[in-house]
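Q: Take this structure, written in structure tokens, and hold onto it; I'll ask about it next.
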């Protein structure tokens, strides 16, 4: 047994981690807590990349610059909702041995499947647009080169990262995890440099409040763009063949371990998002610089306030976020095509197809931050095609077996989905009404 094929090369690898996991599931004890958890950690960390992509940078920085720590609770609440969605996605893969795209193909009519595939391919392009441009901006800030040259560097870097798939999924997973680690450490360093007001910070993390109509709109943007459609499809694929067990008792135990994986990974993603807002609040808002709304402005404003190191750390974290999320987005695109159509293309062909629109946007001179906002609007259109089927399948006993949702979980998931979808619709309306 081994990992599911993520990159479309048809390889399925075997490794000792799966054997260790099966041993732990069967024996039920005999090792320390950390040793027991490690074989099951990984899928949620890859999926969580979607929650710290360059699109989050722009929204969180704008929120902190305009309203200080006020909207920290929004990030905390939105990540709790995202945890539930990702847990359901992971459970779907464990229970069925199929990913969400494959289940849609098997249960829906051919026209519906084709429409869903087209929508998700458009979502994949929009996803890559935000992530590719974020990486390009990171290169530009670090190297002081034109954005088009940074785009070419980003293309080469992502090709190199995805090229690791020839050695199996583990090296690719390790590199992506390392890039996530760079983002996390970078914002830990930024937070230490910021010297935030910890008591005020903790208060706003748990106490909901707004500061005028504009803060409500920005909070809508934060929540509405929280759950990424491709992360839902990806996570179900990451768990569908990683550790295969059929016995109900073992499936339940495996699911409990995967819940821990989600909680840890999504908590880290939540803390990174909070650190982005905290950085903006403790620097820009504190000094009255409430108009900081672009990535480039944030970089150039940080340096005179906190020193050159802070600007470099910011650019490095943006670059790592862009490269890791771009690679994960390509993986998700492969899963969507394989699942809906039973077809696969070479990963470098898919990468070229998704890079082309991004390079076109760069060459046309579009504003990078505005482009990130537009890409989030496109993602909003794709969200119903992921979250609604997820809830429909996970509530069905004939699909999920012993891991079927309880009525309470289905009700909670439905409420979360309705809120997220409503906020996405409102966000789309505001973007077009304001444009």
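Read the figures in this text as sums done on the coordinates, not as results from a lab. Here the structure is a predicted model, which is why all the values come from computation and not from measurement. All Cβ positions, even for glycine, are placed from backbone atoms using ideal geometry, and neighbour counts span all protein chains on display.
Q: Using alpha carbons only, how many degrees (0 to 90, rounded to 10) separate the axis of helix 147-162 from the longest principal axis of the chain?
A: 20 degrees
Q: Angle check, please: helix 72-96 long axis (alpha carbons) against the longest principal axis of the chain (alpha carbons), in degrees 0 to 90, nearest 10.
A: In the chain, helix 72-96 runs at an angle near 20 degrees to the longest axis.
Q: Looking at the calculated P(r) for the stretch 316-355, what percent of the C-alpha pair distances fall above 13 Å?
A: 54 percent
Q: So which residue, out of 70, 394, 410, gets the largest mean-square fluctuation from a GNM of the chain using Cα contacts under 10 Å as springs?
A: 410
Q: Continuing with the same structure: Between residue 37 and residue 396, 0.36 nm times their residue separation minus their Cα-Cα distance comes to what?
A: Net length gain for the segment: 126.4 nm.
Q: Now for a separate question. Hey, rough spin-label estimate for residue 412 and residue 195, points 7 angstrom out along Cα→Cβ, what's it come to in nanometres?
A: It works out to 4.2 nm between the two label points.
Q: In whole Å, what are the Cα extents of the chain along the three principal axes, biggest one first?
A: Here the Cα extents, ordered largest to smallest, are 60, 45, 44 Å.
Q: Let me make sure I get this right: for the stretch 314-435, a, b and c are the square roots of the gyration tensor eigenvalues over alpha carbons, sorted descending. Under 1.5 in a/c it's rounded, otherwise prolate if a/b > b/c, else oblate. Which is it?
A: The shape class here is oblate.
Q: Rank 102, 27, 296 by mean-square fluctuation in a GNM of the chain with C-alpha springs under 10 angstrom and give only the top-ranked residue.
A: Taking springs between Cα atoms under 10 Å, the residue moving most is 27.
Q: Here's something else I'd like to know. Once every DSSP H run of n ≥ 4 in the chain is given -39500 (n - 2.57) and the sum is divided by its residues, what mean residue ellipticity at 222 nm do you get, rounded to the nearest 500 deg cm²/dmol?
A: Counting only the DSSP helices, I get -25500 deg cm²/dmol.
Q: Right, next: Can you tell me the relative contact order of the chain? Whole percent, Cα pairs under 8 Å, sequence separation 6 or more.
A: Computed over the chain, the figure is 37 percent.
Q: While we're looking at this one, here's another question. Report the gain in length on full extension from residue 263 to residue 203: 0.36 nm times residue separation, minus Cα-Cα distance, nm rounded to one decimal.
A: Working it through step by step, the gained length comes to 19.4 nm.
Q: Specify whether the C-alpha gyration tensor of the stretch 78-183 places it in the rounded, prolate or oblate class, a ≥ b ≥ c being the square roots of the eigenvalues: rounded for a/c under 1.5, otherwise prolate if a/b is larger than b/c and oblate if not.
A: Because a/c hits 1.5 or more and a/b exceeds b/c, the stretch 78-183 counts as prolate.
Q: Separate question: Between the helical axis of 295-306 and the dominant principal axis of the chain, each derived from Cα atoms, what acute angle in degrees is found, rounded to the nearest 10?
A: Tilt of helix 295-306: around 60 degrees.
Q: Among 316, 180, which comes first, then next, by fewest other beta-carbon atoms within 10 Å?
A: The fewest-first ordering by Cβ neighbours comes to 316, 180.
Q: How would 107, 204 line up from fewest to most surrounding beta-carbon atoms within 10 angstrom?
A: The most exposed by this proxy come first: 107, 204.
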